[in-house]
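Let me begin by presenting the structure, written as structure tokens, before commenting on it.
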Amino acid sequence: MSKIKRLFSVFAALILVFAASVGTKSFAADSAADKDANVAAKSHRVAAPLNLAVLIQDDVVARVGTELGVTRDFIRALPSGSRVMVGYITTGSLQVRQPFTDDLEKAARALRIPRASASGSPYNPYVGVVEALRRFEEGGKNRNAILLVSDGLDLSRGTSIADIVNPLDMQRAVREARRRNVSIYSFFAPTVGTDGFNSTAAFYGQGALNRLSDETGGRAFFQGTSFVTFDSYFERLSRTLNEQSGTAY
């Protein structure tokens, strides 16, 4: 059964999952604040140095490629002492385009346009997250974080309610993140295989990302069931990181 057909078959279950996820911490952007998001994003910066892994699922829709500019700007604006890794969760394994480096300009240039094709579909996004987590060094004074751009969908091990609510590889990612003290922040973006079923995909994907982020001390950012620009997400991410570290702007 194709990925889209399996998504459609569990639509009723996904509604319940999404409702449950909203009952936890939902950090979807509100449309009123989005009106001045571009201005706000320029005035808000992360204050404390980070060890940050930027992970992009390679089969996200082509529109994500238009957000590379604001993503590069976010990386370049990180405070001195930050270290950044750039990787793509793609077919076969995690493709690391740039290992951890304190050269923020080099890390920003490592970003590439996602494949936006089924040829870039991973087994599931959480296997790549586990691989990335193992690249964080133990110790150090910087806070550790992952920024995951993904649809959050893992249908690789079945479509029962247990598989949908708490997939096995997500559990592995949560355990590894806690062990290594890494918070996972996520931006929802649909993939090419599910973009025609945005509502169905988003009910599950957003709920899954929200759970992953919530259980690792991070936050998930999304708005509605379709793709939106990342400007407001980065503003909110910066604000969240500063609030969590107790650092003022």
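Do we find that P122 is surrounded by 22 or more Cβ atoms within 10 Å (Cβ to Cβ) and part of a loop (DSSP other than H, G, I, E, B) in this structure?
yes
Pairs under 6 Å by beta carbon, first residue in contact (Cβ under 8 Å) with a residue 40 or more places away in the chain and closer than 13 Å to S82 by Cα in the stretch 44-56, partner polar (S, T, N, Q) and part of a loop (DSSP other than H, G, I, E, B), six or more apart or different chains?
Sorted first by the residue in the stretch 44-56, then by its partner, the pairs are A47/T247; A48/T247; P49/S82; P49/N142; L50/S82; L50/N142; N51/N142.
Just name the residue that is surrounded by the fewest Cβ atoms within 10 Å (Cβ to Cβ) out of those in the stretch 89-119 that are closer than 23 Å to R175 by Cα and touching a Pro at 6+ places or on another chain (Cβ under 7 Å).
Looking at residues that are closer than 23 Å to R175 by Cα and touching a Pro at 6+ places or on another chain (Cβ under 7 Å), I get T90.
Just checking, how many residues over the stretch 72-115 are assigned to a loop (DSSP other than H, G, I, E, B), closer than 18 Å to A132 by Cβ and of a type in the set (V, I, T)?
Of the residues in the stretch 72-115, 2 are assigned to a loop (DSSP other than H, G, I, E, B), closer than 18 Å to A132 by Cβ and of a type in the set (V, I, T).
Any chance you could count how many residues in the stretch 203-217 are in contact with a strand residue (DSSP E or B) (Cβ under 7 Å, 6 or more places away or on another chain) and more than 17 Å from I56 (Cα to Cα)?
Qualifying residue count for the region: 2.
Within the stretch 181-198, work out how many residues are modelled with pLDDT under 85 and not in a loop (DSSP other than H, G, I, E, B).
4
Inspect the stretch 142-154 for any residue being of a type in the set (V, I, T) and surrounded by 15 or more Cβ atoms within 10 Å (Cβ to Cβ) and give the result as yes or no.
Scanning the stretch 142-154, I find at least one residue that is of a type in the set (V, I, T) and surrounded by 15 or more Cβ atoms within 10 Å (Cβ to Cβ), so the answer is yes.
Within the stretch 67-88, track down each residue that is hydroxyl-bearing (S, T, Y) and either crowded, with 16+ Cβ neighbours inside 10 Å or over 15 Å from T101 (Cα atoms) (or both).
Hits for the stretch 67-88 are T71, S82, Y88.
Restricting the first residue to the stretch 118-140 and requiring it to be over 17 Å from D58 (Cβ atoms), which pairs with a second residue that is among the polar types (S, T, N, Q) meet a Cβ separation below 6 Å and a spacing of at least six or different chains?
F136/N144
Out of the residues in the stretch 199-231 meeting the condition of being part of a loop (DSSP other than H, G, I, E, B) and in contact with a Lys or Arg (Cβ under 8 Å, 6 or more places away or on another chain), tell me which one is modelled with the lowest pLDDT.
Applying the filter and picking the extreme gives F227.
Does at least one position in the stretch 166-189 carry a residue that is under 22 Å from A220 (Cβ atoms), in contact with an Asp or Glu (Cβ under 6 Å, 6 or more places away or on another chain) and aliphatic (A, V, I, L, M)?
Scanning the stretch 166-189, I find at least one residue that is under 22 Å from A220 (Cβ atoms), in contact with an Asp or Glu (Cβ under 6 Å, 6 or more places away or on another chain) and aliphatic (A, V, I, L, M), so the answer is yes.
If I go through the stretch 57-71 residue by residue, how many of them are within 13 Å of the chain's Cα centre (by Cα) and either outside any helix (DSSP H, G or I) or without any contact (Cβ under 8 Å) to a residue 12 or more places away in the chain (or both)?
Residues flagged as within 13 Å of the chain's Cα centre (by Cα) and either outside any helix (DSSP H, G or I) or without any contact (Cβ under 8 Å) to a residue 12 or more places away in the chain (or both) within the stretch 57-71 amount to 3.
With the requirement that a residue be touching a Lys or Arg at 6+ places or on another chain (Cβ under 7 Å) and in a helix (DSSP H, G or I), what does the stretch 127-150 give you?
V130, L133
The values are calculated or read from the model by the stated rules, or taken from the named source; none is laboratory data. What you are looking at is a predicted structure, and each value in this text was computed from that prediction instead of being measured. Here the Cβ is made from the backbone with ideal geometry for all residues, glycine too, and neighbour counts use every protein chain on show.
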